[in-house]
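This report concerns only the one structure given below.
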Amino acid sequence: MVPDRKGGGKTLADLGEWGLLGLLRPLLERQTAGFPLPTGDDVAVTPPPRRDEQLVWTIDSMVEGTHFRFWDHPAATAEALGWKLAASNVSDLASKGSTPRYGLLSVGVPKVTPVAWLEGFYHGLEQAAAEWEFKLAGGDTVLAPQWALTLALVGTLPAGGILAGRHEAQPGDRLYTTGTPGEAAAGLEILEGNLRLEEGDHAEALVLRALRPEPRLDFGRLLVERSTRLAMIDVSDGVAKDAAHVAARSDVQMLLREEALPVSPALDAAARASGKPAADFVLHGGEDYELLFASPMEKNRLQALAEQCGVRLTCIGAVEKGEGVTLQAADGTRRAIQREGYEHFQ
Ligand SMILES: [Mg+2]
C-alpha cells in the first residue's frame with residue numbers, strides 16, 4: 001500500500017471539493033436505495049427498527065500513523081483499510097450479540113492521495129457492508145493532513161434478552177476465547193519489518209489476520225441468544241488487557257492458565273522467529289477481533305455452539321474473587337500480569 005505520491009494517476013487535489021464528494025455519492029446511492037430520503041441531503045433517514053428491537057451503537061476510528069501505515073506489502077491495500085474499519089465496529093456489535101444495520105462514515109484524506117486509493121477504500125467498505133449485511137446510510141469526506149477514518153455503526157438486538165455486559169462476570173465462571181488471538185500482532189510485526197518468517201505461508205496467513213480480520217458475528221449472536229448470563233468483550237487490545245477490562249467492571253479476578261492459551265502453528269513459528277514466548281503475543285497482542293467471555297454455561301454446550309458456527313473455542317481460565325488478571329504457569333505459580341489502568345503491570 002505504498003502511495004505513488006510523486007505522480008502517476010490523478011490525486012484528490014485534481015478533483016476539488018465537488019469531485020471529492022462525487023467519489024462517495026455512487027456508493028451511497030447504491031447503499032441507500034429504497035430509503036425514505038434520497039442520499040445527498042443533510043441527514044440520512046433509515047426505516048424504523050421493529051418494536052421488539054433495541055438499538056446498539058458503536059464507533060471506531062483508524063488514524064494513519066497511529067493505527068496503520070502504508071506498508072509495502074501486496075495485501076496492504078486501501079480495500080483492506082475499508083474492510084478493517086468495518087470489522088472493528090462489527091466486532092463490537094458481535095460482543096453484544098447484535099446484528100449490524102446502518103453505518104455513518106467520516107473520512108479525512110490528504111490531497112496527495114491517489115483517487116484510485118480512495119475508491120479502493122470505499123470498495124473495501126462496500127464489500128464489508130455486503131458481508132455483514134449493513135447499509136452505509138451516509139458519509140462525508142474532507143481533506144486532512146493524514147488519513148483519519150471513522151465509522152459509526154448501529155445494530156439491533158431483541159428487546160428483553162441479556163446484554164452480555166462487561167460487568168456480568170462472576171466467580172466460578174469459566175473464561176473462554178474464540179480463535180487464536182495473537183496472530184494479528186504477529187502479522188503486524190511482519191508488516192512493520194520487525195519479524196521475518198522462514199515459512200512464507202505462515203507469514204501470509206498472519207499478515208491477513210492483521211489486515212482482514214473476521215469478527216465472530218454469528219457466534220456472538222448465537223451465544224447471547226442461548227445464554228442466561230454472559231460477560232463478553234471483543235479482543236482489540238490483547239487478551240490480558242481485555243480480560244482486565246472485564247475484571248475491573250465485574251469486580252473480579254481473571255485467572256489465565258498459561259498452558260491453556262491457544263497457539264496456532266503460524267503463531268508458534270512467529271514466536272520462535274522472534275524469540276518471544278507465544279503467550280506474549282496472545283496476552284499482549286491486539287486487533288484480533290476474537291471474542292473473550294466469561295460464562296457459567298456447561299463447557300460441552302459452549303463447544304457445541306462454537307462448532308455450529310465453525311469457530312475454535314478454548315477455555316483459557318476462570319473467574320475468581322479478587323482483581324486484575326493473573327497468569328498461572330504450568331508449575332502452578334501465579335503472577336499478576338494486568339490491572340485496568342496499568343500497562344503490563346507485573
Ligand atoms: Mg470492543
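Annotations
- Kirkwood hydrodynamic radius over Cα pairs of region 131-241, then Stokes diffusion coefficient at 10 °C and 1.306 mPa s, in µm²/s: 91 µm²/s
- With 0.36 nm allotted per residue and the present C-alpha distance subtracted, the ALA260-LYS276 stretch has 4.0 nm of extension available.
- Two-site FRET efficiency, GLU199 against ARG312, from Cβ-Cβ distance with R₀ of 25 Å, rounded to 0.05: 0.75
- Sequence-separation-based contact order of region 166-338, relative, with Cα cut under 8 Å and 6+ spacing, percent: 41 percent
- Shape category assigned to region 269-346 from the gyration tensor of Cα positions, a/c cut at 1.5: oblate
- Amide H contacts of THR11 (H built 1.01 Å from N, in plane; Pro and chain starts excluded): VAL115 sit under 5 Å, all sequence-distant by 5 or more or on other chains.
- MRE, 222 nm, helices only [DSSP H, n ≥ 4, -39500 (n - 2.57), over the chain, to nearest 500]: -11000 deg cm²/dmol
- Candidate lysines - alpha carbon under 20 Å from LYS111, same-chain residues fewer than 8 apart omitted: LYS6, LYS10
- Relative contact order [Cα under 8 Å, 6+ residues apart], the chain, whole percent: 21 percent
- Taking every Cα-Cα distance in the chain and sorting them into 20 Å bins from zero, the calculated P(r) comes out as 30, 55, 16, 0 percent.
- Stretched out straight at 0.36 nm per residue, the stretch from GLU192 to ALA75 would grow longer than its current Cα-Cα span by 40.8 nm.
- Within-10-Å neighbourhood charge of ALA294 [Cβ basis; K, R +1; D, E -1]: +1
- Computing FRET efficiency as 1/(1 + (r/R0)^6) for ASP52 and LEU21, where r is the C-beta to C-beta distance and R0 is 51 Å, gives about 0.85.
- Normalised by residue number, the volume inside the convex hull of the Cα atoms of region 12-158 is 107 Å³ per residue.
- Between the beta carbons of GLU119 and ASP251, assuming R0 = 45 Å, the FRET efficiency works out to 0.40 to the nearest 0.05.
- Centre separation in Å (Cα based) which lies between region 75-109 and region 113-142: 10 Å
- Inter-centroid distance (Cα atoms) of region 220-291 relative to region 196-216, Å: 18 Å
- Signed unit charges on C-beta, dipole axis of the chain, positive-most listed residue LEU93, GLY9, MET297: MET297
- Computed from backbone phi, the HN-Hα couplings of region 67-77 come to 9, 7, 9, 8, 5, 8, 8, x, 8, 8, 9 Hz, rounded to whole numbers (Karplus: 6.51 cos²θ - 1.76 cosθ + 1.60, θ = phi - 60°; Gly and Pro given as x).
- ³J(HN,Hα) computed for each position of region 160-174 - Karplus, 6.51 cos²θ - 1.76 cosθ + 1.60, integer Hz, glycine/proline x: x, x, 6, 10, 6, x, 5, 8, 8, 6, 9, x, x, 5, 9
- Around the amide H of LEU37, modelled in the peptide plane, lie the amide H atoms of VAL45, all under 5 Å away and 5 or more residues distant in sequence or on another chain.
- Projected-area mean, region 72-208, by convex hull of Cα positions, square nanometres: 11.5 nm²
- Placing +1 on the Cβ of every Lys and Arg and -1 on the Cβ of every Asp and Glu, with no other charges, gives the chain a dipole of roughly 520 debye about its Cα centre.
- Calculated log₁₀ intensity ratio I(q)/I(0) where the Debye formula runs over C-alpha points of region 208-346, q = 0.11, 0.18 Å⁻¹: -0.40, -1.13
Computed from the coordinates by the stated procedures, all read-outs in this text should not be read as laboratory data. Bear in mind the structure is a predicted one, so any value in this text is a computation, not a measurement. Neighbour counts run over all protein chains shown; Cβ positions are idealised from the backbone, glycine included.
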